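For reference, the structure is listed below as structure tokens.
FYI, it's all coordinate maths here, none of it is from the lab. If you're wondering where the values come from, they're calculated on a predicted model, not measured in any experiment. All Cβ positions, even for glycine, are placed from backbone atoms using ideal geometry, and neighbour counts span all protein chains on display.
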Amino acid sequence: MRIARIKTAAGPQYAVERDSTWDHIMDPFEEALRYTGGTTAHSEANFLAPVTPAVVLGIGHNRTLNDHPLPIQAWHKSVHTIANPGDTVTAVRNRGIINAEGELAAVIGKTATNLTVENALDHVLGYTCVNDVTNVDQNAVDERNFQGKAGVNYTPLGPWIETELPDPERTGIDVYVNGTARANSGTFNLPSSVAECLVYVTSWLTLEPGDVVMTGAPGTAVPVAPGDRVDVAVEGIGTLSSAVA
């Protein structure tokens with residue numbers, strides 16, 4: 001099932017895709033969805049970021065990448081960087097190379113704390129595409145990943161949540177720049193599994209419905225520049241598009 005957040009005259013509206021329309025719902029995190037009776041036609045749907053998270057976390061997959069004693073670490077990315085599908089990323093100038101990073105994002109569906117590998121994915125509502133835009137040269141001077149990831153619209157998210165992704169551990173991720181494929185990979189190339197990432201995060205921090213965990217870039221970081229168009233295509237979900245200015 002696809003769950004979206006759509007711009008309407010009455011304000012943002014959650015909706016699920018059914019047949020040829022997006023049917024409006026009250027709350028995507030309820031066990032039994034309640035429909036409002038409103039609909040939006042496919043051709044009229046203006047997609048927003050599919051959730052408004054209180055927490056956005058990125059994952060550092062240390063294993064095989066350096067000699068850090070921990071195999072996984074997480075870091076916070078500001079929710080103020082969340083961008084809607086189609087929004088323009090404002091590149092921070094004179095701060096080094098700018099990378100687009102295509103990733104699979106897990107959207108938490110219910111309160112999650114001290115998860116196990118066995119139950120971690122049961123706490124996920126679904127998955128969406130994310131572009132973790134980064135001024136990558138800042139990583140050398142800012143280990144906390146603040147400076148390089150705080151730009152305007154540096155976290156495009158969407159276009160919707162897919163609740164029935166066949167296998168989040170084996171999901172293809174492709175990144176296109178101006179229509180040309182620049183990266184072809186998938187979550188199967190991450191050193192740690194999606195479930196392991198959630199286990200690590202929730203051993204330290206309780207996550208709530210709507211929180212987002214970006215699961216890492218499996219060789220899907222590519223340099224971009226103002227004037228570029230970036231498409232992040234995640235298998236089984238769809239394509240997230242952004243311009244860079």
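Values computed for the structure shown
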{"item": "Residue among V199, V222, V141 with the largest mean-square fluctuation in a Gaussian network model of the chain, springs linking Cα atoms under 10 Å", "result": "V141"}
{"item": "Excluding exposed DSSP-loop trypsin sites (Lys or Arg not before Pro) (at most 16 other C-beta within 10 Å), longest clean stretch of the chain", "result": "145-245"}
{"item": "Relative contact order of the chain, pairs being alpha-carbon contacts under 8 Å that are 6 or more residues apart, as %", "result": "25"}
{"item": "Exposed-loop-free span, longest in the chain, where chymotrypsin sites (Phe, Trp or Tyr not before Pro) count as exposed if DSSP calls them loop and at most 14 other C-beta atoms lie within 10 Å", "result": "1-145"}
{"item": "Sites excluded, GluC sites (Glu not before Pro) in DSSP loops with at most 12 other C-beta within 10 Å, longest stretch of the chain", "result": "32-117"}
{"item": "Pairwise centroid distance, computed over Cα atoms, of region 149-179 with region 75-143, Å", "result": "9"}
